[in-house]
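In what follows, a single structure is set out as structure tokens and then discussed.
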There are 2 protein chains.
Amino acid sequence: MCELLGMSANVPTDICFSFAGLMQRGGKTGPHADGWGIAFYEGKGARAFHDPHPSASSEVARFIRNHPIKSCTVLSHIRRANRGRVALENTHPFQRELWGRLWTFAHNGQLAGVKRWPLRHYHPVGTTDSEHAFCWMLDRLREEFPASPPAHRLASMIEALSRRLAATGVFNMLLSDGRWLHCFCGKRLAWLTRRAPFGPATLIDEDLSADFAKETTPRDVVTVVATRPLTRDEAWTVMEPGQYVVFRRGERWMHRRVPTPALEQAA
Amino acid sequence: MCELLGMSANVPTDICFSFAGLMQRGGKTGPHADGWGIAFYEGKGARAFHDPHPSASSEVARFIRNHPIKSCTVLSHIRRANRGRVALENTHPFQRELWGRLWTFAHNGQLAGVKRWPLRHYHPVGTTDSEHAFCWMLDRLREEFPASPPAHRLASMIEALSRRLAATGVFNMLLSDGRWLHCFCGKRLAWLTRRAPFGPATLIDEDLSADFAKETTPRDVVTVVATRPLTRDEAWTVMEPGQYVVFRRGERWMHRRVPTPALEQAA
């Protein structure tokens, strides 16, 4: 099991507080000691940091924690290797360009047989099933849509592809092009939206509190998505297996529950 | 004019000394104040850092300078914007995957009309002519070679594509898949190979010296490529316009002079 962390906000927001909790799980309060990575979108570009070393002792992680990088869309991942050796090229999040946009993907779980699924346009650099699944998703999207489709059609396709991947094992996923944050819960994922009136929050993994009222304006909307709730005093929504949620500028933009057999037949 | 910096080495080597000189050119001793980026290969993966802010005052640049990241292949770029606004997505080096390898590209110079050249597989995320040229090169390589070709055939094709781009303006380029470092001099590029017996070196741009004899073993071979020589007391090879050189594990692996008209006709 790895730990995922994502953020979607309507104003550039730093993720230092949540990241402080997450990085403790990388080798200190959690067993996820096989590297970590984070991507911060800024316009159409993204700053990505990857480190195959444990985040709890990583100099780069310490730097990010102490130098707030503000962003509207962030994806992060702490890895416990179960497929693919511990190496930089196997460290999430993975990135590829599609339709002139930079796509970023992070996954936890294991997928059976996915590495045998054929690929055409995108090929993995590393050896993880996760990167292969990402390449396969982009391949399918590219085949289906030669140019960037309307957001609803795109989201429906991403949902359908996620369900196909989830059928092979455990597929908890964060995926973004910098605008929409697509979240699929295969087994475990939770989210929380902070908005006015902002209050205090205390991390579960470290003795650290924040009072967001001091750092925000009344119009700020910030959603944090994580494998498990990161704070002890806020009302997280724990997703059900099979749920798919998309966030846009901090707000929930689309959500789909587990399809019933009848709905699946109709689709 | 932007500043390029590349390194090819036979053992993982830190580039802190050269980088210290280069980053001073970003807003302090040079006018290249519109962002900078660097990529360090580690196996098949690469750690990349991008910052649209001047390198001389960049916290990330300071971090890299003070926390040596050892690598056999490094590409870096400091930007003075002349095409495309100052933004993260316009900050070199650019990266794309081809044949399951991560390719990294940095360019200085201006290219006329290249942004109208058609693209099929790769599309720019930003608005620079440089990224368009990179996408075009990878497009051509992918069309020519469905799978990774032998290194000599690949290098000849990269040389030919570089010449076509250089015909449209100024094309100083560094390109790598992590193994070979391809360097094309459109107007200005210089390189230096350090090997035993190692001696001292003094930066031109900052009052900083290094004694490589203390940090190396007799078998180390390290080549540094830069727009202009970075040190005052070493014998840099200044490339001629039209020259193409490829380094592999620190050694010059292939070099081509400016083709004579007769040779061009025969090719």
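Here are a few things to note about the model shown:
- Residues that are in a strand (DSSP E or B), at the interface with chain A (Cβ under 7 Å from one of its Cβ atoms) and touching a Lys or Arg at 6+ places or on another chain (Cβ under 7 Å), drawn from the stretch B:35-54: B:His50
- Qualifying residues in the stretch A:197-229 (those that are in contact with a Gly (Cβ under 9 Å, 6 or more places away or on another chain) and surrounded by fewer than 17 Cβ atoms within 10 Å (Cβ to Cβ)) - the one modelled with the highest pLDDT: A:Ile204
A quick yes/no check of all residues on (1) under 17 Å from the mean Cα position of the chain (by Cα); (2) within 24 Å of B:Gly35 (Cβ to Cβ); (3) among the hydrophobic types (A, V, I, L, M, F, W, C):
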residue: A:His53; (1), (2), (3): no, no, no
residue: A:Asn66; (1), (2), (3): no, yes, no
residue: A:Ile78; (1), (2), (3): yes, no, yes
residue: A:Thr91; (1), (2), (3): yes, no, no
residue: A:Glu131; (1), (2), (3): yes, no, no
residue: A:Met137; (1), (2), (3): yes, no, yes
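- Meets criteria (closer than 16 Å to B:Gln95 by Cα, of a type outside the set (Asp, Glu) and away from chain A (no Cβ under 14 Å)) for B:Met157: no
- Qualifying residue in the stretch B:118-138 (condition: more than 10 Å from every other protein chain (Cβ to nearest Cβ), in a strand (DSSP E or B) and modelled with pLDDT of 95 or more): no
- Matching option when the condition is without any contact (Cβ under 8 Å) to a residue 40 or more places away in the chain and closer than 26 Å to B:Lys44 by Cβ, among B:Ser148, B:Ser156, B:Ser209, B:Ser176: B:Ser156
- Within the stretch B:58-116, the set of residues being facing chain A (nearest Cβ under 10 Å), surrounded by fewer than 23 Cβ atoms within 10 Å (Cβ to Cβ) and part of a loop (DSSP other than H, G, I, E, B) comprises B:His67, B:Ile69, B:Arg85, B:Ala87, B:Trp99, B:Gly100.
- Residue within the stretch A:166-185 that is within 19 Å of A:Ala48 (Cβ to Cβ), under 16 Å from the mean Cα position of the chain (by Cα), aromatic (Phe, Trp, Tyr) and modelled with pLDDT of 95 or more present: yes
- Of all residues in the stretch A:1-24 being in a strand (DSSP E or B) and touching a helix residue (DSSP H, G or I) at 6+ places or on another chain (Cβ under 8 Å), the one that is farthest from A:Val246 (Cα to Cα): A:Glu3
- In the stretch A:202-215, the residues that are within 23 Å of the chain's Cα centre (by Cα) and within 20 Å of A:Cys72 (Cα to Cα): A:Ala210, A:Phe212
The values are calculated or read from the model by the stated rules, or taken from the named source; none is laboratory data. If you're wondering where the values come from, they're calculated on a predicted model, not measured in any experiment. Please note: Cβ atoms are built from the backbone with ideal geometry, for glycine as well, and neighbour counts cover all protein chains shown.
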